[in-house]
Amino acid sequence: MIQIEEIPITNDLVLIGGGHSHLLVLMKLSKRPIKGNRITLITNEIDTPYSGMIPGYIEGIYSWRDSHIDLYRLCLKLNVRFIHAEVERVSAYDKEIYFKDRPKIKFDVLSINTGIQSNNSDIKGAAKYCLPVKPISKLANNFLNKITNYKSIAFIGGGAGSVELALAIKKRFLNINQEIKITLISGKRGLLSAFPQKTKLISLKTLEKFKIDIIEYKRVLEVKPKQIILSDKSILKIDKAILSTNSMTPKWLTRSDILLTKDNYILVNKSFQTNYKYVFASGDVIDFDNQNLKKAGVFAVRSGKPLAVNIKKFIIGKNLLEYKFNKNYLALIGTSKASAIATKYNLTFNSKFFFYLKSYIDKRFIKKFSDFRIRKKITLDVLKTSLLNIFVKHKEKITDENNFMQCKGCAAKVPLNALKKALPQEIVSTSEDAVSVPNYPDLFQTVDMINSIITDPFILGKIAANHSISDLVSVNSQITSAMMILQLPFSKTEINSRDLEQVLLGAKEIFKLVDCPLIGGHTMIGKDKDPVIGFSILGQKQKKMESIKNRRNIKTKDLLILTERIGSGLIFAGINNYLIDSHFQIDVIKQMIKGNINFGKICNQLNILSMTDITGFGLANHLLNLIKRDNNKTGLTIYPNKIPLFEGVNECINKNIKSSLFESNYDIAQKDIIYKRDKSKIDNIIYDPQTVGGIAFIIPQEEKDKHFTILKENNVKFTEIGFVNNIENKIAIN
C-alpha cells in the first residue's frame, strides 16, 4: 500500500490586503509552498482592481472583469484561505488581528499590503462632500453609478490620476452623446508637478482639446454642497467634487502598535520588515527607510518578488535579502485617440505605440492572476500520488467528468439514491426534517454536517449552526440544546486551538440567537484542509394556540410559499470551477448567516398546514417528501419561473453548470414530476442542492392576506411559488 507523508500545518502566514505586492506573494509562495505553512488572505474586497486599468474601465475600453482580479478565485486556485473582512487594528506584539464584527485572528507571520485613501483632512468639508479617488477599489465599484446624472464635476488634485480620470470621464460621456463640464484644480504646485515640462505641456493641450478647464496654482479651501471655495476666495459651482490629492493610510494603522512615520505610513527596512521582525509590509502603505519613494503602483509590483523571498526566508530561518529600488521607471499616462504619454529619465514621448504598450503591460498583469495553471514540482511524493490516482481511476472507472463540479456544504451529501439502496426503509421513507424521539412525542432531534463551503472558519461555524437549526424550525420546535461534531485539519496544537476557537465562536453567535447552549461535542483530526462541522440538536415542540389536532387538512388550491432564495449549489459549483465571478457568493453567504431563525420565531402566528426546509436534496425532493406525508394524497403545482433566485443563478443555468448532487436529485425525483409544458433550463433549479435554504410551507388559500401581512411585518422574504393540486403525490411543473 502506498502511503503519502502527511505534513501538519505548523505556521500561519496572514496577508492583510489584496494589493499588487500580495498578488505576487500569493503566486510565489503557493506555487512553491513552504512545508507546513498555511496562507490566509484577509481583504475587504473580493474583486481587486488593477489601478492602471481603471481609467480605461471608466472610459469603456475595458470591462469590469478585464480590469479586476477575482481574489477569491485566485485563493481557491492557490489553496489559500480567504477571509472577507474589515480590519480594525493589529496587535503585532500579541500576534493578533482585530475586527469590528468577528473575533480576533492569530498569526505567526504577517504581511500588510492594503490600499491608501485620498487625504481629506487638509480641506474643510472634503470628507463629507467629496467623492474620493482612493481607495481605487471603492472608486471602481461606485464611480460610474454616482456620476451618471451629474452635469458638472471638478477634480481636486493635479496628478496623473486626475488627468487620466478626467479624460476618461469626458470620453465616456462623449461616447453616449451626453454633456458634462469638467474642471481640474491642480493646487499651488500646478499640473503634473512631478513630471517633466514636456509631459505637462502635452497634457494641457489634450485637456484643452477635450474642453476640460484647468485651474492652476490655486488651493481649495473648502468644499460645500454644489460649490468649491478657492484660495483667492472665488467660488466654483459644480454638482460634485472628486478628491484626487495626496494620500493617507487607513486609520486602523494608527490604532496598531506597528511603528509609523510622522505621516502615518508603515516604516520598513530594506527587507520589508517593520519594527517587529515577523511583520512585513509593502506597497503604497509603506515608507522605505531612507529611500524616499513616490507612491506609484510600479513599486508595489516590483516589491512582490523580493517580499515573497524574504517572507519565505524568515519562515525557514534563513538570512533575509536587502532590496534597493531603481527609482527610474517608465511612467505611462493615457490621453486621447488611443494615445499615451511615456516619461522616463526626463524624456517624454506621446504616441499610439505607448498606448498599446500600456495596454499590453496591463493585460499581461491581469492575465498572470486569472489564467494560470499550478505546475507542481516533480518530487517522489508527487509522482507516487499521481501514479496512485491513475491506478484508482482505472480500477474503479472514475473519470474526470464524474469528478467535475464536486461541491461542498450540503451539496457534499451522500446522494439520496445511495441512501435508499443502503439504509433501512423506515429511515429513508418520508418523514419530517427532524425525528420525534421515541416515548417523548414533544421532543425532536436532528443531526447535520457540512464540509467547508467557504474557507473562513468563523463564518463556516455560523453557516453550519444555521443549517442544523433549520431542521428544528421546519418542525416548529424550540431548540433546547446542541452538541458539536468537528473535524479539524492536521495541524500543530496551537493551530488546532485557533481553528476551534473561530468555528466555536461563529456557532455560538447563532445559537445565542435562539437561547440554546452548546453543551458539548466531539473533535477529531482529518485530512480535509479546512474544518468539517456538524451539530446534533434537540428541540421541543412549540405549543400552538390552535391545537394541531384541530388544524384542518390540506386542500386543493392551498398555497405553497417559499422563504428566501435558492440556487446556492449552482453558485458555488460555478465559483469553485472558475466558471462565474466569485462576488456572486456575497448574497448567498448573507442568507446562510441569517438562516431561518427569524421565520422560526413567528411560526406560531401562522396557520401552517405543513412545512419543510430546503437543503441538499433540492426543492423538488423536499416538496415530494412534504406532500407524501399528507394522508389526503394531494400533490403540488409549482412555477419554476416564480422561484426567487440568487443573482448569478441564471448565468449558471445558461452555462449548463450543475452541482454534484444534481444528477442524483434529478433521478430520484423524475418519476414523480409531471411537466404541463415543454421542459426549460430554468426547471433545473428545483434539483439544485441548498445549504441553509429557505422554508417551504403550505397555508390555507382563504388566509392568504392575513399570512402575507404577518410575514411582511416581520421582514420575512417570501414568494408564492405554487399551490396544492389533486394529483396524488406528484409535482406538476407549469
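Out of residues 5 or more away from Leu221 or on other chains, whose amide H comes under 5 Å of its own, with H placed 1.01 Å from N in the peptide plane?
Under 5 Å from the amide H of Leu221 lie the amide H atoms of Ile229, Leu230, Ser231, each far enough along the sequence or on another chain.
What distance in nm separates the two pseudo spin-label positions at Asn577 and Phe372, each 7 Å out from Cα along the beta-carbon direction?
2.4
Past 26 Å, Cα to Cα, is the threshold; run Lys557/Lys642; Lys95/Lys367; Lys128/Lys237 against it and keep the listed order.
Over 26 Å Cα-Cα: Lys95/Lys367.
Under a cut-off of 19 Å between alpha-carbon atoms, report the aspartates and glutamates in cross-link reach of Lys633, not counting same-chain residues fewer than 8 places apart.
Straight-line reach from Lys633, under 19 Å: Glu432, Asp558, Asp672, Glu728.
Taking the Cα atoms only, what angle lies between the long axis of helix 20-31 and the longest principal axis of the chain, rounded to 10 degrees?
50
Restricting to DSSP H runs of at least four residues, report the calculated mean residue ellipticity at 222 nm for the chain, -39500 (n - 2.57) per run over all residues, nearest 500 deg cm²/dmol.
The helix-only estimate for the chain comes to -10000 deg cm²/dmol at 222 nm.
Please report, as a whole percent, how much of the solvent-accessible surface of the chain comes from carbon and sulfur atoms (probe radius 1.4 Å).
Of the solvent-accessible surface of the chain, carbon and sulfur hold 52 percent.
Around Asn350, which amide H atoms from residues at least 5 apart in sequence, or from another chain, sit under 5 Å from its own amide H, with H modelled in the peptide plane?
Ala342
Take Leu201 and Asp101, extend 7 Å from each Cα along the Cα→Cβ direction, and tell me the distance between the two endpoints in nm.
Placing both labels 7 Å along Cα→Cβ, they lie 5.5 nm apart.
Glu501: accessible area at probe 1.4 Å, nearest 10 Å²?
Per-residue accessible area (Glu501): approximately 70 Å².
Residue by residue through the range 227-238, what is 3J(HN,Hα) from phi via Karplus (6.51 cos²θ - 1.76 cosθ + 1.60, θ = phi - 60°)? Round to whole Hz and write x for glycine and proline.
Rounded to whole hertz, the list is 7, 10, 9, 9, 5, 8, 6, 6, 10, 10, 8, 8.
Output ³J(HN,Hα) for the range 587-595: one whole-Hz value per residue in order, computed from phi by the Karplus curve 6.51 cos²θ - 1.76 cosθ + 1.60 with θ = phi - 60°, and x for Gly and Pro.
Ordered by residue, 3J(HN,Hα) equals 5, 5, 5, 4, 5, 5, 6, 6, x Hz.
Taking H as built 1.01 Å from N, whose amide H comes closer than 5 Å to the amide H of Ser271, not counting residues under 5 places away?
Those lying under 5 Å, H to H, from Ser271 are Tyr323.
If the reach is capped at under 18 angstrom between alpha carbons, list the aspartates and glutamates near Lys124, excluding any in the same chain fewer than eight residues apart.
Excluding near neighbours in sequence, the set is Glu222, Asp232, Asp239.
What percent do you get for the relative contact order of the chain when only Cα pairs under 8 Å and 6+ apart count?
Reported as a whole number, the value is 12 percent.
Starting at the first residue of the range 620-632, write each ³J(HN,Hα) from the Karplus equation 6.51 cos²θ - 1.76 cosθ + 1.60 with θ = phi - 60°, in whole Hz, x for Gly and Pro.
These are the phi-based 3J(HN,Hα) values: 4, 5, 5, 5, 4, 4, 4, 6, 6, 6, 7, 5, 7 Hz.
Where in the range 496-584 are there chymotrypsin sites (Phe, Trp or Tyr not before Pro) that are in a DSSP coil and have at most 10 other Cβ atoms within 10 angstrom of their Cβ?
For chymotrypsin sites (Phe, Trp or Tyr not before Pro) across the range 496-584 that sit outside H, G, I, E and B with at most 10 neighbouring Cβ atoms in 10 Å, the list is empty.
For Cα Rg over 2.2 N^0.38 Å, the choices are (1) 1.09; (2) 1.52; (3) 1.03; which was calculated from the structure?
Among (1) 1.09; (2) 1.52; (3) 1.03, the one derived from this structure is (1).
For Lys77, give me every one of the aspartates and glutamates with a C-alpha distance below 12 angstrom, ignoring sequence neighbours fewer than eight places off in its own chain.
Within the straight-line limit of under 12 Å, Lys77 reaches these aspartates and glutamates: Asp371.
What whole-number distance in Å separates the alpha-carbon centres of the range 169-218 and the range 26-78?
With the range 169-218 and the range 26-78 each reduced to a Cα centre, they are spaced 31 Å.
Could you sort out which of Lys151/Lys655; Lys270/Lys344; Lys35/Lys251; Lys492/Lys594; Lys35/Lys368 sit more than 31 Å apart by Cα distance in this structure?
Over 31 Å Cα-Cα: Lys151/Lys655; Lys35/Lys251; Lys492/Lys594.
Just to verify a number: what accessible area does Glu494 come out at with the full protein assembly present, 1.4 Å probe, Å² rounded to tens?
Accessible surface of Glu494 is approximately 80 Å².
With the cut-off at 31 Å, tell me which of the pairs Lys28/Lys529; Lys134/Lys358; Lys134/Lys198; Lys224/Lys337 have Cα atoms farther apart than that.
Lys224/Lys337
The values are calculated or read from the model by the stated rules, or taken from the named source; none is laboratory data. All values derive from a computational prediction rather than experimental measurement. Note: ideal-geometry Cβ built from the backbone for every residue, glycine included; neighbour counts use all protein chains shown. Just so you know, the surface numbers come from the protein's heavy atoms only, side chains and all, with ligands and any DNA or RNA stripped out. Shrake-Rupley method; radii C 1.70, N 1.55, O 1.52, S 1.80 Å.
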